[in-house]
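Below is one structure, written out as structure tokens; comments come after it.
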Amino acid sequence: MGSLNIENVKKAFGPVEVLKGINLEVTDGEFVVFVGPSGCGKSTLLRVIAGLEDSTSGRVVIDGQDVSATPPAKRGIAMVFQTYALYPHLTVKNNMGLGLKQANTPAAEIDRRIGIASSMLSLEPYLERRPAELSGGQRQRVAIGRAVVREPKLFLFDEPLSNLDAALRVNTRLEIAQLHRRLKATMIYVTHDQVEAMTLADKIVVLNAGRIEQIGGPMELYNSPANEFVAGFIGSPKMNFVDGARLGETAKTIGVRPEHLTVDPKSGAWKGTVVHAEHLGADTNLYLDCEKAGLITVRIFGVYDAEPGATLYATPDPAKTYRFGADGKVLK
Ligand SMILES: Nc1ncnc2c1ncn2[C@@H]1O[C@H](COP(=O)(O)OP(=O)(O)O)[C@@H](O)[C@H]1O
Ligand SMILES: [Mg+2]
């Protein structure tokens, strides 16, 4: 079991309040992602859950027990960091088993758990190697394996893919998703990358400057962002924001995602000039300077030929246009 309740957690470093009252419920088996820009407090919140950092106030409850005063080793958690933090002089096998050995787990049980974890993570051929003899992706899998063998109530991941190149990031992301499905364990995963959040999470927690902006499933955040911050943070290329006054609207800001605009050379809502076209093969991103709406991005499925300087009309899908008030909150 591994449920988690965070109750009004605040954390200050000296005079600076980094977490400003966090409330969150995580149910057993859930995959929860904390996402937000660099410096918003994601790692601090994870470290408070782990017990590596004391909160200034509030409670952390794991499986119904207040662990605020429980040391990290007694919380039933295992953490995986961006830097793999492996012991260079130990083999893969001994890196994975060290924590269990220190906890006086019988050797046969250690071997059994390493067997299962190394099979799940395709590490069997490397058990006798040392970290220096592994690729970055393999090292990160060892670090994940070291967490798996501890059979924790909660897995905590802090940007575990950030040191990997793009292709390996996708592979390892897939492995973490499969691992979660097999283990049915509770996982809390920190990233600044909204794509990782969208692809891995059951539930996403969007953080901004020490506060939660919104909690929801990936499609909930995409379809129904609560405010301008979430609307701009989730989705790539990001949502276009146009000053409502320019469009004769009473809302402060009008938002429309690049994929929710169509273009036509002859007619449409916003007349514009092509500034730049990005040809990605599967998609084309057009940057249009529109008379009414200013600079906007349009994402077109497939190949679209457009020369800089050409005139195009962009039309937003009215059913997928968002309106935001002066406080940034979405207007229903
Ligand atoms: N030990 C510390 N002492 C002082 N300030 C800290 C400490 N750890 C983090 N901070 C500050 O807290 C804020 C949040 O940091 P962090 O949780 O690491 O952000 P994130 O992981 O979202 O990038 C940052 O402004 C950071 O500089
Ligand atoms: Mg961090």
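The values are calculated or read from the model by the stated rules, or taken from the named source; none is laboratory data. Since the model is a prediction, treat every value here as computed from it, not as a measurement. Using ideal geometry, Cβ is built from the backbone for each residue, glycine included, and neighbour counts are taken over all protein chains shown. These accessible areas exclude ligands, DNA and RNA; they are computed on the full protein's heavy atoms, side chains included. Shrake-Rupley method; radii C 1.70, N 1.55, O 1.52, S 1.80 Å.
Past the 18 Å Cα-Cα mark, which pairs from 20/42; 20/74; 20/332; 153/184?
On the way: 20/42 12 Å; 20/74 26 Å; 20/332 27 Å; 153/184 10 Å.
Check vs 18 Å cut-off fails for 20/74; 20/332.
Considering helices alone, the calculated mean residue ellipticity of the chain at 222 nm is -7500 deg cm²/dmol, with DSSP H runs of length four and up weighted by -39500 (n - 2.57) and normalised per residue.
Each residue was assigned an accessible area with a 1.4 Å probe, and for residue 153 the value is about 80 Å².
Please give the helix 166-183 orientation as an angle from the longest Cα principal axis of the chain, in degrees from 0 to 90, rounded to the nearest 10. Here the helix axis deviates by roughly 60 degrees.
Show me 192-202, 11-21 ranked by packing, highest mean number of other Cβ atoms within 10 Å first.
Details: 192-202: 19.3, 11-21: 13.9.
Top of the packing list down: 192-202, 11-21.
Of 81, 34, 157, which has the largest mean-square fluctuation in a 10 Å C-alpha GNM of the chain? Looking only at 81, 34, 157, the biggest GNM fluctuation is shown by 81.
Seen against the Cα atoms of the chain and their longest principal axis, helix 136-148 is set at about 60 degrees.
For residue 18, the residues whose modelled amide H falls within less than 5 Å of its own, excluding neighbours fewer than 5 places apart on the same chain, are 11, 12, 13.
Alpha carbon centre of the stretch 210-282 versus the stretch 59-91: separation in Å? Distance between centres, Cα-based: 39 Å. Rolling a 1.4 Å probe over the heavy atoms of the protein chains gives the stretch 33-160 an accessible area of 45 Å² per residue.
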